[in-house]
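Following: one structure in structure tokens, then a few remarks.
The values are calculated or read from the model by the stated rules, or taken from the named source; none is laboratory data. What you see is a predicted model; the values in this text were computed from it and never measured. Positions of Cβ are backbone-derived with ideal geometry, glycine not excepted, and every protein chain shown enters the neighbour counts.
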Amino acid sequence: MEYLQIDEIHTGVEYVLLEKMEEPLTFLWFTEDRNEIIIDNQFHTFDKNIVLCLTEFHKLKFESLHNTRLLRFNRAFYCILENDAEVGCNGLLFFGTAGFPNFEISKEQLIYFETLWKMFQLEIENNDSLQLEILQSLLKRFIKSSTNILKNQTELILVEKHELDIIREFNILVDFHFRTKYTLPDYAALMHKSSKTISNIFSKFSSKTPLQYINERRLLEAKRLLKYTPKTIKEIAIELDFNDVQSFSRFFKNQLNLSPTEYKTSDLGRIDNK
């Protein structure tokens, strides 16, 4: 079923975002400062005109949420995979391995985004035969503009288009296969590229190696399973394809400097995003 949600939320009505829907992709656009959110058990603060890009896999808890614009849609309404040639956001805004992409709308860009938002609101009220097509067109503009801003606010602007396509493909593949594939040669084979080629491209925009991105995605899933499910450490080790609990615990401690048990009972860290 096609689903598009345009809303304004704040502390007390954030349950709107937490309502279940199938395969949601979400933009959160903060219109005031000092919003406090726990994402995947990590505390963050976000200020005005920061936009978060979230998938169904992100675990959220709101500590303090001021007036915030919510734009949420599902695959049936607009499939970013099928329309990748149009918007180019897959593997950048969404399904970008570990973490969550976010960007800042500048003063110059704000007029355009405000206009898009008003057009969304007006079109939602127009229940005519062209509504679906117009809303999809507006969403496409929002996604494409967001993708361009994200590229310009990161080192991705330095990467050639064909190289960016390789980065996006790698990100998407890691998100789909991290449970069973965890070496760079595994992904190089899927992409029909050499490990060296992929490593060289990543070195242009990041100090992290492709293997670090793979490990971060496995670690993120381990953290989610530890904090948000009743699964045992042994069950999590099996789910993430470790040979045994000891190898999983070594991996976890090497990545986070905490054992799985210590992490499960630990307090939240705090990160300010500005």
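Check off (1) touching a helix residue (DSSP H, G or I) at 6+ places or on another chain (Cβ under 6 Å); (2) over 24 Å from Gly88 (Cα atoms) for Ile201 and give me the number that stays unchecked. Condition (2) is where Ile201 drops out.
Reported count of residues in region 217-247, each being part of a helix (DSSP H, G or I), crowded, with 20+ Cβ neighbours inside 10 Å and not aliphatic (A, V, I, L, M), is 3. Does Phe100 count as assigned by TED's automatic domain parsing to the domain that holds Asp33, outside any helix (DSSP H, G or I) and crowded, with 17+ Cβ neighbours inside 10 Å? Here the answer is yes, as Phe100 does meet what is asked. When you go through Leu54, Leu71, Leu60 one by one, which is the residue that is within 20 Å of Tyr213 (Cα to Cα) and either charged (D, E, K, R) or surrounded by 15 or more Cβ atoms within 10 Å (Cβ to Cβ) (or both)? Of the residues listed, the single one that is within 20 Å of Tyr213 (Cα to Cα) and either charged (D, E, K, R) or surrounded by 15 or more Cβ atoms within 10 Å (Cβ to Cβ) (or both) is Leu54. Filtered by the rule that a residue be farther than 19 Å from Ile166 by Cβ and of a type in the set (A, V, I, L, M), region 186-231 gives Leu219, Leu220, Ala222, Leu225, Leu226.
If you check Leu135 against the conditions, is it of a type outside the set (Val, Ile, Thr), surrounded by 18 or more Cβ atoms within 10 Å (Cβ to Cβ) and over 24 Å from Phe57 (Cα atoms)? If you could, list the steps in order and put the result at the bottom.
On the way: of a type outside the set (Val, Ile, Thr): yes; surrounded by 18 or more Cβ atoms within 10 Å (Cβ to Cβ): yes; over 24 Å from Phe57 (Cα atoms): yes.
It is true that Leu135 is of a type outside the set (Val, Ile, Thr), surrounded by 18 or more Cβ atoms within 10 Å (Cβ to Cβ) and over 24 Å from Phe57 (Cα atoms).
Taking region 81-115, which residues are among the hydroxyl-bearing types (Ser, Thr, Tyr) and modelled with pLDDT of 90 or more? Show your work before the answer.
Keep residues of region 81-115 that are among the hydroxyl-bearing types (Ser, Thr, Tyr), which gives 97, 106, 112, 115.
Of everything in region 81-115, those that are among the hydroxyl-bearing types (Ser, Thr, Tyr) and modelled with pLDDT of 90 or more turn out to be Ser106, Tyr112, Thr115.
The residues on offer are Phe43, Phe27, and the sole one that is within 22 Å of Leu110 (Cα to Cα), touching a strand residue (DSSP E or B) at 6+ places or on another chain (Cβ under 8 Å) and in the same structural domain as Lys118 (by TED's automatic domain parsing) is Phe27. Residues that are touching a residue at least 40 places away in the same chain (Cβ under 8 Å), of a type in the set (A, V, I, L, M, F, W, C) and farther than 19 Å from Thr31 by Cα within region 106-138 comprise Ile124, Leu132, Leu135, listed in sequence order.
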